There are 2 protein chains.
Amino acid sequence: HQRQVSLLSNQRSLTATTLDGTRITLMANIEFPQEAEHCIQRGSDGVGLYRTEFLYVGKSTDPTESDHFDAYMTVLRILGPEQPVTIRTLDLGADKFSNLPWAPPAEKNPFLGLRSVRLCLRNLTLFKTQMRAILRASAFGNVRILFPMVSTLLELRQCKMILSEVKEDLEEEGIAFQRNIPVGTMIEVPSAALIANNLAREVDFFSLGTNDLVQYTLAADRNNEHVASLNNPADPAVLRLLKMVIDSARNAKIQANVCGEMSGDPLYTQLLLGLGYRQLSVTPHNIPEIKKLIRSVTLSDAEQVAQDALQLETARDVTNYLREQMRKILPDQLEA
Amino acid sequence: HQRQVSLLSNQRSLTATTLDGTRITLMANIEFPQEAEHCIQRGSDGVGLYRTEFLYVGKSTDPTESDHFDAYMTVLRILGPEQPVTIRTLDLGADKFSNLPWAPPAEKNPFLGLRSVRLCLRNLTLFKTQMRAILRASAFGNVRILFPMVSTLLELRQCKMILSEVKEDLEEEGIAFQRNIPVGTMIEVPSAALIANNLAREVDFFSLGTNDLVQYTLAADRNNEHVASLNNPADPAVLRLLKMVIDSARNAKIQANVCGEMSGDPLYTQLLLGLGYRQLSVTPHNIPEIKKLIRSVTLSDAEQVAQDALQLETARDVTNYLREQMRKILPDQLEA
Ligand SMILES: [Mg+2]
Ligand SMILES: [Mg+2]
């Protein structure tokens, strides 16, 4: 505990910069507005993923535009006007359900069903209410909007078209908002990773949801213990997708942020930097540890690690190799 | 109906050869031993996929080695010693269940759960019984063994190791079998497609299960009407995977057979040939129609079609383009 506390206070004011001087953006994933305080305490570079399901889950009526707006403003007030706050539109369905009447019917495979942005595209009133609130909040800070579970270019275009309509409405009503609000798409369905070069031309940033990406790529439910050994971010197939996505992002000169559990696990920090990622988003709790790791590596070493890891044939080989590399940098990290 | 009958008798004795002289192997998918007759009637080049779930579904006891062997011999007797008969090991779970005690527990997302080869690798007695019967049958014909739902290289290696053990047992018992029985893996999980170059080095052939590959790649349950519009083999992401897989197969000089619904749909015939596939496996019913199409195209045209299709951005664009190309070849095909 003592060590944690000192790590925390030591790291807070330091930037997430590699030994050879590359500044990494280390953001926080949050689930509730109150967590914005933790972002400050832990020294994050803004919010990489602000989940908005809490506004719906366990409620008996839909949140109003004010409910949305107030929740967003709470975070903006704490983080100030400069730090990015990435608001993800509603990601309900699958393992997160709501009691609300428009919630999807029971499905045999909810993870492969009507969830997330698929649900929103069928409930435009709901979708537009959230978009209005996000746009209104964008007048008060560095707000970015993020669409989850996009599987095709058509879906992304639909989302963007609806956003344009909402912008027009606000304009007509004389309500302030950031016209050039950055628009991002989650990359968490294999199809999205595979067409990343096409998607990259139509968004400002990517956010990689590695939890879902891993489960779909390996066809292994992340909550099913019987297939847990298959559900592994170190799988060579996942590494190849991560490489494809960052290559597409860099070609299109857009940002790509890794925000699944993988980014909060120090085992993968070198790998992700080495593949080319310059933004990670993790739970506030993990920020000091990941920052310490970033500050202990050089990009040139990380690039070698990524190159080596991409040659390995099994998840086990990748894990063993990454563990060995981490031990070289921070011998005490593994026991922590 | 009259037209169907005449197409049938015209095509039966013809080979599936393109206008510019490339012989395509056009095989049949069967579910029951009795269907072997249809393969002959329809003029197939053997069985590309012999499903074996019928031996388990609706039964109260596990099939014995003799039950397996008899079912395989029925097909071999009808097809003779030359034609390939590809026997797929048990593919239970997901939407195909059995009453048997070792069947998997209820799962929240059975398509992402303990199904198919995952289940077999946990029930070695069951798996070995089936392998023994397949190996014994291999002494009497051109039998190939195919493992479904392989997601990692490790799983494939486990399957092959168990097969080696069963071969040793048979040898010790002095039972005849084909030592070099060709071993194949289904490519139907995105991870398998993504590591196809690694898998190709360790098998004799690939069999592409496009139904599952499409549903996992797009995270869209193939039996869920609410996401039916996403579940589309024409999706650009699917096309890219199909290209990766055939490139890996050709580099490793192994065969690759497309056996999902996609291969039985004339809309995709030119595309698949153009990508480089030389083997298709379809339900016996579809053989005459697909054969007619193969006999109406040149590979050089097909290659252009594939190249063009790979540039398109949405499933809708791909479908429209392929429809147009098919109309050029067989103007009456679309009304059939
Ligand atoms: Mg997700
Ligand atoms: Mg399948």
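Every number in this text was worked out from the coordinates using simple rules, so none of it is lab data. Keep in mind that this is a model prediction, so the values were computed, not measured. Neighbour counts are summed over all protein chains in view; Cβ atoms, including those assigned to glycine, are modelled from backbone coordinates with ideal geometry.
Worth a mention:
- Over 21 Å apart at the Cα level, from the set B:LYS291/B:LYS328; A:LYS96/B:LYS108; A:LYS160/B:LYS108; A:LYS291/A:LYS328; A:LYS108/B:LYS59; A:LYS108/A:LYS128, are A:LYS160/B:LYS108; A:LYS108/B:LYS59; A:LYS108/A:LYS128.
- Prolate/oblate/rounded call for the stretch A:42-182, Cα gyration tensor, a/c under 1.5 rounded: prolate
- Here the protein assembly as shown carries DSSP beta bridges of which approximately 5% are antiparallel, counting only pairs with both residues inside.
- Taking 4 °C and 1.567 mPa s as conditions, the stretch B:173-221 diffuses translationally at an estimated 105 µm²/s according to Stokes-Einstein applied to its Kirkwood radius (Cα pairs).
- Helix-only mean residue ellipticity at 222 nm for the protein assembly as shown, each DSSP H run of n ≥ 4 adding -39500 (n - 2.57), per residue, nearest 500: -13500 deg cm²/dmol
- Stokes-Einstein D in µm²/s, Kirkwood radius over Cα pairs - the stretch A:263-333 at 4 °C with 1.567 mPa s viscosity: 106 µm²/s
- Rg and Dmax of the stretch B:14-117, Cα atoms only, in Å: 16.7, 54
- Ordered by the count of other Cβ atoms within 10 Å of each Cβ, fewest first, B:ARG122, B:ARG136 give B:ARG122, B:ARG136.
- Classification of the stretch B:209-292 by its C-alpha gyration tensor yields an oblate form. The axis ratio a/c (a ≥ b ≥ c) is 1.5 or more, and b/c is at least a/b.
- For the protein assembly as shown, a crude dipole built from +1 on the beta carbon of Lys and Arg and -1 on the beta carbon of Asp and Glu, taken about the Cα centre, is about 700 debye to the nearest 20.
- 7 Å along Cα→Cβ, label-point gaps from B:GLN41 to other copies, nm, shortest first: 7.4
- The spacing between the stretch A:136-183 and the stretch B:247-298, judged by their C-alpha centroids, is 44 Å.
- Packing here is the average count of other Cβ atoms within 10 Å per residue, and on that basis the peptides A:210-220, B:302-312, A:164-174, A:36-46, highest first, run A:210-220, A:36-46, B:302-312, A:164-174.
- The mean number of partner chain beta-carbon atoms within 10 angstrom of a residue's beta-carbon across peptide B:220-227 is 6.
- Counting only Cα atoms, the protein assembly as shown measures 78, 59, 47 Å along its principal axes, largest extent leading.
- Where Rh is the Kirkwood radius over Cα pairs, Rg/Rh for chain B: 0.96
- Between copies, A:ASP317 shows label-point distances of 3.7 nm, shortest first, with the point placed 7 angstrom from Cα along Cα to C-beta.
- Only beta bridges with both residues in chain A are counted; by DSSP, about 5 percent of them are antiparallel.
- Ascending distances from the A:ASP20 label point to its copies in the other chains, with the point 7 Å along the Cα-to-beta-carbon line: 4.7 nm.
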